[in-house]
Amino acid sequence: MLDKLLKKHETYLFLIIIAYAVIVTSVNRSFMTFENLFDILRSGAGMGILAMGVLVALLSGGIDVSFTAVAISGGYIAVRVIMATGVDNLFVAFVISCSIGIFLGLINGLIISYFKLPTLIATLGTLNVFHGALTTFVGTESVNARQMPSCFVHFGSAKIITLANDQGSIYGLSVFVIPLIAVIVMTWFILRFTMLGRGIYAIGSNRESAKRAGFNITALQLFVYSYVGFLAGIMGVVFVSEVRWVNPVTLIGTELTVIAAVVIGGTKLTGGSGTILGTLLGVAIVTVLYNTLVLLGLSAAWNNFFVGIIIIISIGITSYRNKIKNRKSLSFKT
Amino acid sequence: MSDRKLFKTVDTKIWILAVIMIGVIIVLTFVLPGNFLTLRNFQSMAYQFPEFGLLALAMTIAMITGGIDLSVIATANLTGIIAAMIMTNYLKAENAGDPAAISVVVLAIFAALIAAAICGLLNGVLISLVGVPPILATLGTMIFYSGIGMAITTGIGVVGFPDSFLEIGAGKIYLFPVPLLIFTGCALVISFILNKTSFGLKLYLVGANPTASLFSGINNRIVIVNTYMITGLLAGVSSMIMISRFNSAKVGYGDTYLLQAILVAVLGGIDPYGGYGKVSGVVMGIIILQVLQNAFTLFGFTPYAKGFIWGLMLILVMIINFGTSRYQERSKILRMTDQEVAD
Amino acid sequence: MSDDFLIVDNICKSYVGVHALKNVTLKISSGTIHCLVGENGSGKSTLIKAVAGVVPIDSGEIIINQKAYPHLHAIDSIREGIQVIYQDLSLFPNLTVAENISLNQMVEERKKIITWSEMEQIAQRELDRIGVRLKVDDLVEDLSMASRQIVAIVRALTQDARLIIMDEPTTALTKGEIDSLFSLILDLKNHGISTLFVSHKLSEVLEISEKVAVLRDGMMVGDFVTSELDTNKLVFHMTGKEIVHSTFQYGGKKSGETPLLELMNLTKKPNYTNINLSLFRGEILGITGLLGSGRTELALSLFGLNRPQSGQIKINGRSHRIRTPNDAIRAGISYLPEDRHSQGLFLQQSIGTNLIVTILKRLLNKLGMVSEKKKLKAMTRYVKDLRIKTTTLEAPAESLSGGNQQRVVLGKWLATDPKIFILDGPTVGIDIASKSEIHHLIKNLAKEGMGIIVISDEINEVFRNCNRILVMKNGKIAAEVDPLQTTEKELIELVEKKNGVASS
């Protein structure tokens, strides 16, 4: 039992987090406070939601880097529409954002399944197309906190649990965890309990076999990329509410960090292998690093440095173990 | 699909590109009379594209081996920062003309190129010795290198270079801008390596089928490590031009170049799966892109509108490429499915 | 006939300029055991894929259960009861045994939600039915080849199959396991389930089948009743030619001659242990044994791709350390790999390039550049020497037939002037005419003094081309056989016996 646990990638991630927590807490006691942890949860929720989408895409043997453009498109358009129509309703905001997300995701899916393009480059293209379309055709006006419709503002500041700290100021567990948990449960259910999920693992594992087994590859791929878009739509609303200031040029550039987090979590780039727990741990590591290095006295300027090191080490270890395994079985297929 | 030609030669693609290139220039001359076809405009382009062109060359080499280098820009930024720090730490503005200043400049460039080679070396080692897939390895190093740069500079640009250094980005030798000469030199060297040396041939072979190259006695590791070192060096050279032109070094310069570098490589006929492509095609792709970039600026497009067009072009070019038999066969063989040739 | 389960009616299928199937007609009735034979290139694989609905046909009809399907999809074929076990098994390596077995059934039943206990139940039930012991939650990628084949077969049986098509199912099985498979096939027949068995092992074909369909060059030569056939007739139908066989005569070693290659106590666990063998100049040594016996692993060690843990490799009396293919090449060893498509050739590169990849150092001129002249000279020479049939050096290697492709691989290694040439499965997937030409070539090379090791599955290949044969079992050399003193049948029995070492 113990050695089965030791073999699992997730165990190591868990140990890294615990080790890090111990180190930081010994330097700065404010790490291990509810206030800090709630803060981390709030800022990591968005990445967590996106990471679920990336996980599904990677499991199917592909990759999607366009999701940040989809997210910001969904969020920004939702804000503008609500401002224009005056329908100050959070549910409507989600509907708008997710519809846009699914629509853009379908475009990705169609390009990839119909033309059979390599997924990295295709979605790199759509990233720029979506973002360019948003800024050119919708506009680049910022919307700041005063102008932001109240549904977003309330969503951003709502809390599930409210506590007061020693100085008397209020903090709490942000409501953002609700969409996060919903997305996690939904993804988990699909992957574990539906044929859709099995199909995704199948095409990632061995595409030709999946075809021969009668799976509808095109339909599965369309689902995968629409799902990524759908989740990006959810995240768009969360992001807009969190930041309370939105401009179409933000958020882009963070996609590779999200992918890095998913890969740290042990998901294979080649498809068919990866877990939700691993992904969440990867997101946790990246989020914790980004947020708490300041507690060690390091400025935010050091964030990428450490995240970069963690990525290299983590991916290095997984890849090297894979390489040894291949060498043992004398499999030369690179 | 019954009329597919199985043996499309490289040359037809190159001719098509040449025609497109000339066509684009002609069209733009008419659309922007007086603004486009001027010596000054062309000279200004000749100053602008080399830094990007070198990055595109770097990307091309990595792609020929079947990989990709997402860290080229981060490498360029980091090496630029290193050179900048050396120059600004050892020189004050008044020493600009001092002969000693030149030696510091040379030292700075030298240090930058060594740093660039080390960055490339790390990539090569991760990919060939540790076995990390190129996308992930260069993703990791991209974040890491930009992290180092960020930590050193805390985001503030490093400014103030001696005049001798600024000659790189702004100087001219008999009408030819220095950056252009540097780029042409590098392009010729790379082309020579790829076409005429056994190392170049091995690059293509490792990209085409790394298993077969292993079984043929080719040392894949050395080929990959050298490839990424060259990639790093090219990024380093590019950064010398870049920081010279901007007279400052900063994290985040050239971020948009990544997509464009891939676009130009694919446009120029490089197969992202590896093993195929020529420098001449990429160079023409670079020229086409620069010319279009220039025209878009004259039209008043925002950077995002340009990004929109680049993204669209990338997808369209890939679709056209993938419509031909070559890529379909390649990707099929690579996905280890059975061949469609009768068995 | 109305009780024919499957009728393939006059179908045609072409790929780019190649007619894979030309007016092929085949009828399979319920409860029969049918075999399909044909050389590589005959269209067997395409026919199977067409019947499975994985590949669309250009013309003709496929009629299953009296229902005509002009455009057959995989899911239709599966629903009608056609199950294919492909040669590569088409399993999902990262999924468990239970998932692999029950997945297809769930796809077919259009299930949306899955319950894990149901999957495991289905899998366990089917495994018990066949009487096989496998853990349902093991990952397929961790299983042995034989176990994987069993998973594939069990999977095929879970879905109310009416016709099971097996493509080369016995390559990894021992004699005992093959016997079990055959009795299973007979059992299926008694339940009205037909089997279409594709194999190149003619002895098996003649043993198990009731009818044999023969494909040659995309056309159906005929559907014969097995009892009216023998091996020679079958080969004649498959190739249209009579083949003359010959054996290999070895000149014998001179007294006191040092072996060209000597392996002493070479060990690499778990691949092989304590291998001792000698190879003399002019010998053709055969190594045979089942898949997994360690033959290829041993060969890879000699070529620098599988470093041994202990023991010595001596060439001409001198000890060598072979750590990389380059070391091997410099020591004079060449290796023709098992899988010529992914290991032996750069399919999209030109024939000429493929021929010279091993000798790039020799083609450099004084400046270190590759000399076009030397390159061209070398390419032309090897095309000629090996009689590679092509009109131009520029054509990509994938455009060649199997036999010609193998000649290219041979050529590129002969270019390095090897002393020792290891050939791993040199005639797999090659038409019979090319096969005998390659055998002829090998014998000539031995006569010129090269030491050759031929690793092969095919007993008659090692029998007719080697002067000594080693049988490997479970990583050890189990027996050494002199083809002049044994019969093929005895050799087959030696190889396929479960354990024990027999004396030659």
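Here, each number is a calculation from the coordinates, and none is a lab measurement. The model shown is predicted, which means the values in this text are computed figures rather than measured ones. A quick note on method: Cβ atoms are made from the backbone with ideal geometry, for glycine too, and the neighbour counts reach across all protein chains shown.
So what is the calculated 222 nm ellipticity per residue for the protein assembly as shown, using -39500 (n - 2.57) for each DSSP H run with n of 4 or more, over all residues, to the nearest 500 deg cm²/dmol?
Computed ellipticity for the protein assembly as shown at 222 nm equals -18000 deg cm²/dmol.
Helix B:72-90 and the long axis of chain B differ in direction by around 20°, with both axes built from C-alpha atoms. Rounded to the nearest Å, what's the spacing between the alpha carbon centres of segment B:234-271 and segment A:142-207? Just the number, please. Using only Cα atoms, the two centres lie 37 Å from each other.
Here the label points at B:SER44 and B:THR184, each 7 Å from Cα along the C-beta direction, are separated by 2.2 nm in the simple model. In order along segment A:285-291, the phi-based Karplus estimate (6.51 cos²θ - 1.76 cosθ + 1.60, θ = phi - 60°) of 3J(HN,Hα) comes to 4, 5, 5, 4, 4, 4, 8 Hz; Gly and Pro are listed as x.
Across segment A:177-197, the residues whose backbone nitrogen lies under 17 Å from the label position 7 Å along the beta-carbon direction of A:ILE160 are A:177-188.
Can you give the angle from 0 to 90° between the axis of helix C:432-447 and the longest principal axis of chain C, with both taken from C-alpha atoms, to the nearest 10? Compared with the principal axis, the helix lies near 20 degrees.
Let me know the shape class of segment B:3-300, please: from the alpha-carbon gyration tensor, a ≥ b ≥ c as square roots of the eigenvalues, rounded when a/c is under 1.5, otherwise prolate if a/b is greater than b/c, or oblate. It comes out oblate by the Cα gyration axes. Under 5 Å from the amide H of C:MET166 lie the amide H atoms of C:ILE85, C:LEU196, C:PHE197, C:VAL198, each residue being 5 or more positions distant or on a separate chain, with H modelled from the backbone and absent for Pro and chain starts. Put a dot 7 Å past the Cα of C:HIS440, heading toward its Cβ, do the same for A:PHE91, and the two dots end up 8.4 nm apart. Among beta bridges identified by DSSP and lying wholly in the protein assembly as shown, the antiparallel ones come to about 60 percent.
Given R0 = 25 Å, the distance between the Cβ atoms of B:VAL24 and B:ILE319 translates into a calculated FRET efficiency of 0.80.
Which net charge results for the neighbourhood of C:ALA415, defined as the other residues with beta-carbon distances under 11 angstrom from its beta-carbon, given Lys and Arg at +1 and Asp and Glu at -1?
Values: positive: C:ARG362, C:ARG381, C:LYS412; negative: C:ASP385, C:ASP417.
Once positives and negatives cancel, what remains is +1.
According to the square roots a ≥ b ≥ c of the eigenvalues of the Cα gyration tensor, what is the shape class of chain C, taking rounded for a/c under 1.5, prolate for a/b larger than b/c otherwise, and oblate for the remainder? Verdict is prolate for chain C. Modelled spin-label separation between C:ALA68 and C:GLU480, with each label point placed 7 Å from Cα along the Cα-to-Cβ direction: 6.6 nm. A cut-off under 10 angstrom between Cβ atoms defines the neighbours of C:ILE193, and their net charge, with Lys, Arg +1 and Asp, Glu -1, is 0.
I need the calculated FRET efficiency for the pair A:LEU106 and C:LYS201, taking r as the beta carbon distance and R₀ as 35 Å, to the nearest 0.05.
Details: r = 50 Å, r/R0 = 1.43.
So the FRET efficiency works out to roughly 0.10.
Of the residues B:TYR47, B:TYR204, C:TYR272, the one with the fewest other Cβ atoms within 10 Å heads the list, and the complete ranking is B:TYR47, B:TYR204, C:TYR272.
Given Cα pairs under 8 Å that are at least 6 residues apart, what percent is the relative contact order of segment B:149-223? Don't jump to the answer; show the numbers that get you there.
Details: 31 pairs, mean separation 9.9, N = 75.
Reported as a whole number, the value is 13 percent.
Here r is the Cβ-Cβ distance between C:GLN124 and A:PHE115 and R0 is 41 Å; the resulting FRET efficiency, rounded to 0.05, is 0.45.
Tell me the relative contact order for segment C:4-239 as a rounded percent, counting alpha carbon contacts under 8 Å between residues six or more apart. Intermediate values should be presented prior to the final figure.
Values: 445 pairs, mean separation 67.9, N = 236.
Relative contact order comes out at 29 percent.
Which of rounded, prolate or oblate describes segment B:224-298 when judged by the alpha-carbon gyration tensor and an a/c cut-off of 1.5?
oblate
Starting from the exponent 0.38 and prefactor 2.2 Å, build the expected Rg for segment C:4-239 from its residue count and divide its actual Cα Rg by it. Don't skip to the end; give the middle numbers.
Working: Rg = 17.7 Å, N = 236, 2.2 N^0.38 = 17.5 Å.
With N residues counted in segment C:4-239, Rg over 2.2 N^0.38 Å equals 1.01.
Taking Cα atoms of the protein assembly as shown, Rg/Rh with Kirkwood Rh, to two decimals?
On the way: Rg = 32.5 Å, Rh = 32.9 Å.
Result: Rg/Rh = 0.99.
Residues B:ASP271, C:ASP482, B:ASP69, A:ASP39 in ascending order of nearby Cβ atoms (within 10 Å, fewest first): C:ASP482, A:ASP39, B:ASP271, B:ASP69. So what is the relative contact order for chain A, in percent, with contacts set as C-alpha pairs under 8 Å and at least six apart? The normalised contact order for chain A reaches 32 percent.
For chain B, set up a Gaussian network in which alpha carbons nearer than 10 Å are linked by springs, and say which option among B:PRO50, B:PRO134, B:PRO179 fluctuates the most. The residue with the greatest mean-square fluctuation here is B:PRO134. Between helix B:325-334 and chain B, what is the angle of the helix's C-alpha long axis to the longest principal axis, kept within 0 to 90° and rounded to the nearest 10? Around 90 degrees separate the two axes.
Quick check: net charge around A:LEU231, other residues with Cβ under 14 Å of its Cβ, Lys/Arg +1 and Asp/Glu -1? Overall, the nearby charge balance is -2.
Note on C:LYS489, C:LYS13, C:LYS135, C:LYS361: ascending count of other Cβ atoms within 10 Å places them as C:LYS361, C:LYS489, C:LYS135, C:LYS13, the fewest first.
Over segment C:157-248, consider all pairs of different Cα atoms and compute the Kirkwood hydrodynamic radius from their mean reciprocal separation; express it in Å, one decimal.
For segment C:157-248, inverting the mean 1/r across all distinct Cα pairs yields 14.7 Å.
Can you work out the PRE-style zone for C:LYS233? Point 7 Å along Cα to Cβ, and I want the residues of segment C:204-218 with backbone N under 18 Å. Flagged as within label range: C:204-216. Considering only A:LEU58, A:LEU295, A:LEU180, the mean-square fluctuation computed in a Gaussian network model of chain A, springs between alpha carbons under 10 angstrom, is largest for A:LEU295.
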